[in-house]
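A.B. asks: There's a structure below that I have some questions on.
No value in this document is a laboratory result; all are computed from the given coordinates. These numbers come from a predicted model, not from an experiment. Here Cβ is always computed from backbone atoms with ideal geometry, including for glycine, and neighbour counts include all displayed protein chains.
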Amino acid sequence: MTKKIRFMETVLRDGQQSQIATRMPLADMLPILKTMDKAGYHSLEMWGGATFDSCIRFLNEDPWERLRTIRQEVKNTKLQMLLRGQNLLGYKNYADDVVRDFVEKSIQNGIDIIRVFDALNDVRNLQTAIQATKEAGGHCQTAVSYTTSDFHTIDYYVALAQEMAAIGADSICIKDMAGVLTPKTGFELVSRIKEKIDLPLEVHTHATSGIAEMTYLKVAEAGADIIDTSISSFAGGTSQPATESMVMALEELGFETGIKMPEVSKIAEHFNPIRDRFREEGLLNPKVKDVEPKTLTYQVPGGMLSNLLSQLKEQNLEDKYEEVLKEIPKVRADLGYPPLVTPLSQMVGTQALMNIISQERYKLVPSEIKDYVRGLYGRPPVAIAEEIKQKIIGNEPVITERPADLIAPQLAAFAAEIDGYAKTAEDVLSYALFPQQAKDFLGRHEDPFYDVPIQTVDVTIDVV
């Protein structure tokens, strides 16, 4: 029997997000979309994460219009997006009415598959998005946010995948945002999940640490159904392994991929000069193409490493880089071993930075970390020690219910706030997620003399 493995192409979202901070305009994508539609991919990831924010903040594009335009060009291949559970595309929990409306409108505008994850693997934060996706006729893929610690065992992840299947997942993804899933563990984890769950299983990793191709080979051998890759132009380093290379290697080993290499070659030929342009403009930093084995030691995602380095450069503290890197695992342990994925990656990195700069641990604590310890992001994987709680929030109470249960419906209030600018329900959702950026964007489009400059420079790379 022929072994099959399918491919999800990430260049339109995670590939370019990981290497050029999601600055690729729609104009760079349009000429090649019909070819991508014929290449034999399982799906094209093209929305979610920082794409939305980048469109309205830096590219002066309507992200909803981008989705509709791509959908018009891509007739046969599924379009996929990434959603941060109850956080949607932002960094805080939203009320259920906003989550439901956003999911429904995403599917109405052209999304087929929504990959939904929670930074803490708290499945309570996935339930509304799962239900809304299925009710709107979409495919809901729930993602296990993969990380390593004494607590995060294979048994833990298998049980988590089973729990996700039980609450309605249509497929499961092992989401290794830091590139720390090793070949041996990947083989065991996929084998165990496939034994227990009869759902398609996808594996997502990053090439940061230099082991991703070996991991993909072993998960394919273990029975993974789909792997995530990026066309070679935006592959490697902090992105995914290259599509072409993985296709050739796996086909030679007897896997059927469904990928048409002549079409894939055309896709690479299209994106190569675009990559070169970003390189010449300085937006493609050569460091994002580097292999960083320290990722395996510090468990820090590649995008988080590059962001941390830029923060330190801005403050002339580059000499503190190693010190901060060593502090990150300590902060993570103090906070109950959260996976380092947005928004927790940014929060843990900032706290580590503050600990080193202030020369006293938890002397300075960001409000987001306080909210996390209060339980407002969900349940930490491991209970936070009383001593750490005292340092961060004193004797304040910690909530145990689902955080969104404490949030009253928000959609009507958002609509009222942006009434003078929003023309559609989608405009209201843009404002709900990114209030200032959306107001500026909608203002520019409403009034050509609206005096808000388009921002063009930013160093933040989202870690997803």
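A.B. asks: What are the semi-axes of the equivalent ellipsoid for the stretch 375-415, taken as the square roots of 5 times the Cα gyration tensor eigenvalues, largest first, in whole Å?
C.D. replies: On the way: eigenvalues 155, 27, 12 Å².
So the equivalent ellipsoid measures 28, 12, 8 Å along its semi-axes.
A.B. asks: Another question about this same structure. Determine, from the Cβ-Cβ distance of LYS4 and ARG277 and an R0 of 41 Å, the FRET efficiency 1/(1 + (r/R0)^6), rounded to the nearest 0.05. Please list the in-between numbers first.
C.D. replies: Details: r = 37 Å, r/R0 = 0.89.
Using R0 = 41 Å, I get an efficiency of 0.65.
A.B. asks: Right, here's the next one. Given the rule -39500 (n - 2.57) for each run of at least 4 DSSP H residues, summed and divided by the residues of the chain, what is its mean residue ellipticity at 222 nm, to the nearest 500 deg cm²/dmol? Before the final figure, lay out the partial values.
C.D. replies: Details: 21 runs with 210 residues, N = 464.
Helix-only estimate at 222 nm: -13500 deg cm²/dmol.
A.B. asks: Considering all alpha-carbon pairs of the stretch 244-337, what whole percent are spaced by more than 18 angstrom?
C.D. replies: Within the stretch 244-337, distances greater than 18 Å cover 66 percent of Cα pairs.
A.B. asks: Percent of alpha carbon pairs in the stretch 98-219 separated by more than 23 Å? Provide the component values of the computation, followed by the final result.
C.D. replies: Working: 2306 of 7381 pairs.
Here the long-distance tail beyond 23 Å is 31 percent of all Cα pairs in the stretch 98-219.
A.B. asks: Another question, then. Given the C-alpha atoms of the stretch 311-421, compute the convex hull and give its volume per residue in Å³.
C.D. replies: Numbers: hull volume 15.8 nm³, N = 111.
With only Cα atoms used, the stretch 311-421 gives 143 Å³ per residue.
A.B. asks: For the stretch 296-429, what's the relative contact order in percent, using C-alpha pairs closer than 8 Å and at least 6 residues apart?
C.D. replies: Values: 112 pairs, mean separation 24.9, N = 134.
The value is 19 percent.
A.B. asks: Sticking with this one: Cβ under 12 Å from SER245's Cβ, SER245 left aside: what net charge do those residues give with Lys, Arg +1 and Asp, Glu -1? Don't skip to the answer; put the middle values down first.
C.D. replies: Values: positive: none; negative: GLU213, GLU244, GLU251, GLU252.
Around SER245, the surrounding residues sum to -4.
A.B. asks: Using just the Cα positions, wrap the chain in a convex hull and report its mean projected area in square nanometres, one decimal place. Before the final figure, lay out each step's value.
C.D. replies: Details: hull surface 85.4 nm².
It is 21.4 nm².
A.B. asks: Relative to the present Cα-Cα distance, how much length would full extension add between ILE399 and HIS445 at 0.36 nm per residue of separation? Before the final figure, lay out the partial values.
C.D. replies: Details: separation 46, 0.36 × 46 = 16.56 nm, distance 4.21 nm.
Gain in length upon complete extension: 12.4 nm.
A.B. asks: Give the Cα extents of the stretch 189-266 along the principal axes, in whole Å, largest first.
C.D. replies: Computed over the stretch 189-266, the largest-to-smallest principal extents equal 39, 27, 19 Å.
A.B. asks: While we're here: Which of the peptides 433-441, 80-88 is most tightly packed, and how do the rest follow, judged by the mean count of other Cβ atoms within 10 Å per residue?
C.D. replies: Most protected by this proxy first, the peptides run 80-88, 433-441.
A.B. asks: Could you grab the relative contact order for the chain? Cα pairs under 8 Å, six or more apart, rounded to a whole percent.
C.D. replies: Values: 859 pairs, mean separation 87.7, N = 464.
Relative contact order here is 19 percent.
A.B. asks: What are the extents of the Cα atoms of the stretch 9-100 along their three principal axes, in Å, largest first?
C.D. replies: Rounded to whole Å, the extents work out to 39, 25, 22 Å.
A.B. asks: A further question follows. Any chance you could run the full-extension gain for GLN410 through LYS370? It's 0.36 nm times the residue separation minus the Cα-Cα distance, nm to one decimal. Intermediate results must be reported in sequence, preceding the final value.
C.D. replies: Working: separation 40, 0.36 × 40 = 14.40 nm, distance 2.31 nm.
Going from the current span to full extension adds 12.1 nm.
A.B. asks: Hey, how many Å between the Cα centroid of the stretch 55-114 and the Cα centroid of the stretch 305-366?
C.D. replies: 31
A.B. asks: In a shell of Cβ-Cβ distance under 11 Å around THR142, excluding THR142 itself, what net charge do Lys and Arg (+1) and Asp and Glu (-1) give?
C.D. replies: Values: positive: ARG115, LYS175; negative: ASP118, GLU163, ASP170, GLU202.
Taking every Cβ under 11 Å from that of THR142, the sum is -2.
A.B. asks: Long-range amide H contacts for ARG6: which residues qualify at under 5 Å (H placed 1.01 Å from N, peptide plane, sequence gap of 5 or more or a different chain)?
C.D. replies: Those qualifying (amide H under 5 Å, at least 5 residues apart or on another chain) are ILE226, ILE227.
A.B. asks: Then there is this: Please give the net charge around THR35, taking every other residue with its beta carbon less than 9 angstrom from that of THR35, where Lys and Arg add +1 and Asp and Glu add -1.
C.D. replies: Working: positive: LYS34, LYS38, LYS266; negative: ASP37, GLU263.
The answer is +1.
A.B. asks: Each residue of the stretch 183-194 in order: what ³J(HN,Hα) in whole Hz does its phi give by Karplus 6.51 cos²θ - 1.76 cosθ + 1.60, θ = phi - 60°, with x for Gly and Pro?
C.D. replies: The phi angles translate into x, 5, 5, x, 4, 5, 5, 5, 4, 5, 5, 5 Hz.
A.B. asks: Let me ask another. With label points built 7 Å along Cα→Cβ from the Cα atoms of ILE167 and ASP290, find their separation and express it in nm.
C.D. replies: Label-label distance for ILE167 and ASP290, simple model: 3.9 nm.
A.B. asks: Once amide H atoms are placed 1.01 Å from N in the peptide plane, what residues at a sequence separation of 5 or more from SER209, or on another chain, have their amide H within under 5 Å of its amide H?
C.D. replies: GLU292
A.B. asks: While we're here: With the calculation restricted to Cα positions, what are the radius of gyration and Dmax of the stretch 1-159 in angstrom?
C.D. replies: Considering the stretch 1-159 through its Cα atoms, Rg and Dmax are 16.2, 50 Å.
A.B. asks: What are the ³J(HN,Hα) values, in whole Hz, obtained from phi via the Karplus relation 6.51 cos²θ - 1.76 cosθ + 1.60 with θ = phi - 60°, for each residue of the stretch 21-33 in sequence order, with x given for Gly and Pro?
C.D. replies: 6, 6, 9, 7, x, 4, 4, 6, 8, 3, x, 10, 4
A.B. asks: Run a plain Debye calculation on the stretch 133-190 (Cα atoms as equal point scatterers, no solvent) and give log10 I(q)/I(0) at q = 0.18, 0.27, 0.28, 0.30 Å⁻¹, rounded to two decimals, same order as the q list.
C.D. replies: With one equal scatterer per Cα and no solvent, log10 I(q)/I(0) is -0.64, -1.15, -1.21, -1.31.
A.B. asks: Now, a different point. For the stretch 398-413, in order, what is each residue's ³J(HN,Hα) by Karplus, 6.51 cos²θ - 1.76 cosθ + 1.60 with θ = phi - 60°, in whole Hz (x at glycine and Pro)?
C.D. replies: 10, 7, 10, 6, 4, x, 5, 5, 8, 9, 5, x, 10, 4, 4, 5
A.B. asks: Would you mind calculating the gained length between THR153 and LEU30 on full extension (0.36 nm times residue separation, minus the Cα-Cα distance), in nm to one decimal?
C.D. replies: Numbers: separation 123, 0.36 × 123 = 44.28 nm, distance 4.30 nm.
Gain on extension, THR153 to LEU30, equals 40.0 nm.
A.B. asks: Once you keep just the Cα pairs under 8 angstrom separated by 6 or more residues, what percentage relative contact order results for the stretch 1-74?
C.D. replies: Numbers: 71 pairs, mean separation 28.8, N = 74.
Contact order relative to length: 39 percent.
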